[in-house]
1. Under 20 °C and 1.002 mPa s, how fast does segment 294-401 diffuse according to Stokes-Einstein, given a Kirkwood radius computed over C-alpha pairs? Answer in µm²/s, whole number.
2. In nm, give the distance between the simple-model label positions of Ile628 and Glu319, each being 7 Å from the Cα along the Cα-to-Cβ direction.
3. Principal axis extents for segment 556-606, Cα atoms only, whole Å, descending order, please.
4. How many percent of the accessible area of the chain is carbon or sulfur, using a 1.4 Å probe?
5. Could you tell me the calculated FRET efficiency between Ala137 and Ser599, based on Cβ-Cβ distance and R0 = 35 angstrom, to the nearest 0.05?
6. I'm a student and want to see the number: the projected area of the Cα convex hull of segment 209-262, averaged over all directions, in nm².
7. Give, as a single signed number, the net charge of other residues whose beta carbon lies under 13 Å from the beta carbon of Ala142, with Lys and Arg counted +1 and Asp and Glu -1.
8. Using Cα pairs closer than 8 Å and at least 6 residues apart in sequence, work out the relative contact order for the chain, in percent.
Amino acid sequence: MHFDRKEKDDGTLLSLYKRLLYPRMVEEKMLILLRQGRIGKWFSGIGQEAIAVGAALAMKPEEYILPMHRNLGVFTTRDIPLRNLMAQWQGKTTGFTKGRDRSFHFGTQAHKIIGMISHLGPQMALADGIALADLIAGREQATLVFTGEGATSEGDFHEAINVASVWDLPVIFLIENNGYGLSTPVNEQYNCEHLVDRAVGYGIEGIQIDGNNVLEVFDTITEITANIRKNPRPVLLECMTFRMRGHEEASGTKYVPPHLFEEWSVKDPVKTFEHYLFEHNILNDNLLQEITTEFKTILDQEIEQAFTDEDPQSSVITEMADMYYPYVQQVVLPTEPAAEIRYLDAISDGLRIGMQQHPNLVMMGQDIAAYGGAFKITAGFTEEFGKARVRNTPICESAIVGAGLGLSINGYKAVVEMQFADFVTCGFNQIINNLAKTHYRWGEKADVVIRMPTGAGTGAGPFHSQSNEAWFTKTPGLKIVYPAFPYDAKGLLIAAIEDPNPVIYFEHKYLYRSLTGMVPAGHYTLEIGKANWLKKGDQFTIITYGLGVHWSLAYLDDHPELSISLIDLYSLQPWDKETVAAAVKATGKVIILHEDTLSSGFGAEIAAWIAEHCFTDLDAPIMRCASIDTAIPMSKVLEDQFLAKSRLHETVQKLLAW
């Protein structure tokens with residue numbers, strides 16, 4: 001192996017060697033502990049250290065790196081104490097996730113490292129958001145994100161690189177091509193000769209290097225970062241290497257032809273560089289012994305200390321609280337005059353207030369810029385706030401939600417518009433496994449609002465009409481709001497933007513232009529977690545939200561002889577149990593009405609809670625009135641039959657018969 005030292009002095013080369021040797025010795029120690037039964041699992045990066053170490057050294061300390069689970073060298077090169085790493089691997093309280101997650105599934109703002117989740121590809125989009133924040137802020141910085149050759153088969157790989165290319169984001173997408181995804185060889189993963197050849201398809205530069213040559217890794221990334229800091233753009237970097245051990249130790253290596261180990265053993269990144277230093281009299285036996293002795297002492301001390309650290313203490317209160325970033329909402333009452341405006345305009349006004357009050361707020365979505373969005377809610381926003389903060393996106397929901405999280409990590413806020421709530425399925429993983437879990441896992445906020453144009457009533461059919469709030473209400477870590485009136489729509493949206501936690505904001509398409517209401521100008525908020533007791537009566541209670549509120553109001557107008565209490569939840573997670581309990585107690589009879597389908601709809605959760613906590617207050621069975629358990633049809637006749645509204649009178653009569 002040829003090492004080109006360029007202008008590096010002996011001290012620099014020796015320091016680089018120490019950085020390379022240390023994670024190797026940590027790994028060897030982990031394998032011993034594994035055989036002793038003192039640890040239960042290990043993902044080895046032996047043979048790949050040059051990539052992690054060379055890359056980390058090439059990045060500035062203030063620049064973010066997003067590594068994978070074989071990149072121990074990134075963490076050690078960024079000087080994270082081994083004791084904390086060991087505590088993390090052992091699930092101790094002194095680890096970064098307090099025992100809540102494993103291996104390198106964590107981040108640390110102190111060291112500007114953002115770890116992966118098990119789904120591999122999604123972290124690439126986070127790098128886009130981090131780099132976008134730097135770009136908007138005018139910081140000349142680069143971002144480095146690792147992925148493996150196996151993860152290049154995921155859609156997140158394509159989406160993230162495509163977004164970075166379109167937006168000229170200063171990101172290095174580093175592929176560690178080690179030959180195998182678990183046991184699947186590269187010839188069963190992709191059919192191009194080299195993964196770096198894909199770069200041309202994205203209109204970006206692609207570079208392939210020897211990933212076992214630490215100087216080549218360091219020099220290449222140093223050169224790339226110096227360039228893209230000044231001339232922002234993404235680069236695809238393929239580092240050729242080999243995994244000398246199994247995917248994890250239990251999986252073994254029997255699926256790998258023996259000759260590959262022979263070929264790559266002579267390219268060992270630590271041994272070859274060590275040999276080079278010996279040849280050039282930079283390293284000798286005595287110095288090597290001194291270094292290894294020092295490292296061994298550190299390893300033994302740090303690891304044994306970690307073993308003595310406390311295990312987590314189970315506490316339901318603590319666990320529940322840590323699902324969300326600490327935040328106490330300060331409700332702001334309106335102070336300016338009100339005017340009658342449409343539901344759509346209230347949402348637009350809420351977004352505008354948010355953009356004005358938060359210069360670090362970025363809006364992203366398909367067609368939201370010059371076109372003004374599919375429903376024209378953001379018309380004029382580009383002229384007012386600029387293209388940097390009001391961004392048209394490619395059609396790639398996963399990457400954009402991930403970019404929103406990346407923006408949040410790097411000091412920004414994000415509002416992401418799903419053109420239709422139905423399309424959120426394409427970004428589902430990012431919401432459920434990244435936004436919702438990030439704070440619980442390692443204490444970082446996910447300051448992202450997802451706007452969800454939802455609901456039926458317009459004959460839009462199965463792919464543009466779903467009420468899918470129940471997909472999210474059962475996901476810890478998310479907050480869910482669903483306003484039924486223009487006043488609520490604006491106040492809840494501003495509150496959602498101010499909240500540093502991820503908020504899913506449902507807005508009903510049917511109400512956009514069909515509903516008006518008095519809405520104050522200026523800034524005000526509604527409390528997330530509270531319900532609105534719209535009507536008070538004594539015969540029975542309807543608990544609903546969204547379009548169900550208007551169905552209920554219309555039913556009350558048509559039946560003035562009935563005395564009905566009406567609760568508009570408008571916050572579905574958290575939801576107002578106190579108000580619900582009071583309404584149940586006041587009437588003893590309850591209908592839970594929602595537009596979503598019946599089975600496993602959010603109404604089932606409300607009904608179960610009432611049955612458990614308000615049983616003695618009930619004078620009749622809890623009734624649910626929901627849409628039928630089919631997809632949503634397009635035809636108006638079929639849609640009307642589908643919707644819960646068509647069964648409301650029948651349900652009321654059934655309840656009154658008790």
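The values are calculated or read from the model by the stated rules, or taken from the named source; none is laboratory data. None of the values given here were measured: they were computed from a predicted structure. So basically every Cβ, Gly included, is an ideal-geometry build from the backbone, and we count neighbours across all protein chains shown. Ligands, DNA and RNA are stripped out before the accessible areas are found, and what is left, the full protein with its side chains, is counted by its heavy atoms. Shrake-Rupley method; radii C 1.70, N 1.55, O 1.52, S 1.80 Å.
1. Working: Rh = 18.9 Å.
The diffusion coefficient I find is 114 µm²/s.
2. 4.2 nm
3. If we take the Cα atoms of segment 556-606, the spans are 32, 25, 18 Å.
4. Details: 13380 of 25560 Å².
The value for the chain is 52 percent carbon and sulfur by accessible area.
5. Details: r = 47 Å, r/R0 = 1.35.
FRET efficiency, Ala137 to Ser599: 0.15.
6. Working: hull surface 20.6 nm².
That works out to 5.1 nm², a quarter of the Cα hull's surface.
7. Working: positive: Lys60, Lys112, Arg139, Arg229, Lys230, Arg233; negative: Glu62, Glu63, Asp128, Asp134, Glu140, Asp168, Glu223.
Local charge sum for Ala142: -1.
8. On the way: 1368 pairs, mean separation 79.3, N = 658.
Answer for the chain is 12 percent.
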